[in-house]
Every structure is written in C-alpha cells, then in structure tokens.
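Notes for the one structure printed next.
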Amino acid sequence: GLIALEVVGVDPGGRVTTRALNSGPIKQRKGVNLPGCELKLPALTAKDREDLRWGVEVGVDAVAASFIRSAANVRAVVAHLDRCCAEVGRARRPLVISKVESREGVENFDGILRASDGVMIARGDLGVEIPFEAVFKAQKEMVAKCNA
C-alpha cells in the first residue's frame, strides 16, 4: 500500500487509533489492507446483494466475487444468486468467479476452488497481504490446482 499505519491503541468500543509511518493523500472509497488479520466480515454487504440481484435481472452470465476468504463465502454468494434466480424466474444462475486476494483466501483455496465456478488470482492485492516473494509460489500452486 501507499500509506503505512501503525496501530497505537484500541478503545473498549473497538475504535482503532493509528500513527502514520509515511505521508500521502488519503481518499474516499479506497481499500484498506490489514496483513495478518482475519476479518470477521459478512460475505455479502447489502450493496452486494442489491448488485447481484440486478445482475440476475439483466441476465449477466458471470459475477466476480471479491474478497472471498472461504468456501462459506462462495456458498453465500451462490445461495443469494439462487434465491434471486428463483424470484425472477431465471433457470440458471450466473457463474461465480471467486477473487482470491488475501492470505486467508490462499490458505482456504482448495475449498474455494471446489465451491466456485472459476477463480481469479488478484496478485496485486496478494502482494500486500502476503510477502511479495511468496505471491509467485502461491500463484503457481493455485493455478496447478485449477488445472488438475
């Protein structure tokens, strides 16, 4: 990432205080990477559910599911797509292409691969989440599993 922050405190309510280790612009709608942290976030946000429903309604063939960390995340996307398809009378759901872009996603890759219709390896994001030199090995191993 461009800006590195060090956590200097966490209050009882969970608010995190950080100190900038370098300088640079902070802008809206930018991603934040927390290498080494397992985030307990839902697989789908309300906006994701809305967007997936719209995709089903307009007939998209495939969706790229971001921030997939486990097979359970993929199953949540598939289940939502199945519900949307049933509600609008669509026979086949869009294919689910899971984006692997975190250490947790690499560690859970076998399950993610089994649950997905395809995978996308987000090397740029992986290079922030795991040591840069480990990205190439992880990519090679994941691609080999895809081709098996």
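For the pair Leu2 and Glu141, the difference between a 0.36 nm per residue extended length and the Cα-Cα distance amounts to 47.2 nm. Computed log10 I(q)/I(0) for region 46-147 at 0.25 Å⁻¹: -1.24, from the Debye equation with unit scatterers placed on every C-alpha and solvent omitted. Projecting the Cα atoms of Ala4, Ser98, Leu44 onto the charge dipole of the chain (Cβ charges, centred on the Cα centre) puts Leu44 farthest toward the positive pole. Expressed as a whole number of Å, what is the distance separating the alpha-carbon centroids of region 88-116 and region 4-60? When both Cα centres are located, 20 Å separates them.
Positive end of the dipole of the chain (Cβ unit charges, origin at the Cα centre): among Ala148, Phe136, Val77, the Cα lying farthest that way belongs to Val77.
Within a straight-line Cα-Cα reach of under 16 Å, Lys99 can be paired with the following lysines, leaving aside sequence neighbours fewer than 8 residues apart in one chain: Lys140, Lys145. Relative to the Cα centre, the charge distribution of region 1-117, modelled as +1 at Lys and Arg Cβ and -1 at Asp and Glu Cβ, gives a dipole magnitude of about 220 debye. Inter-label distance, Asp110 to Val60: 3.1 nm, where each label sits 7 Å from its Cα along the C-beta direction.
The simple spin-label model puts a point 7 Å past each Cα toward its Cβ; for Glu50 and Ala148 those points are separated by 4.1 nm. Largest GNM mean-square fluctuation among Leu21, Leu126, Leu34, using the chain with Cα springs under 10 Å: Leu21.
From the Cα gyration tensor of region 1-90, with a ≥ b ≥ c the square roots of its eigenvalues, which class applies: rounded if a/c is under 1.5, or else prolate if a/b is larger than b/c, or else oblate? Here region 1-90 falls in the prolate category. Per residue, the chain reaches -13500 deg cm²/dmol at 222 nm when only DSSP H runs of four or more residues are counted, each adding -39500 (n - 2.57).
Build a GNM of the chain with springs between Cα atoms under 10 Å: which of Lys27, Lys40, Lys99 gets the top mean-square fluctuation? Comparing Lys27, Lys40, Lys99 in the GNM, the peak value goes to Lys27.
Taken together, the values in this text are just the output of simple stated rules run on the coordinates, not laboratory data. Predicted, not measured: the structure shown is a model, and the values here were computed from it. Cβ coordinates were reconstructed from backbone atoms using ideal geometry, including for glycine residues, and neighbour counts include every protein chain displayed.
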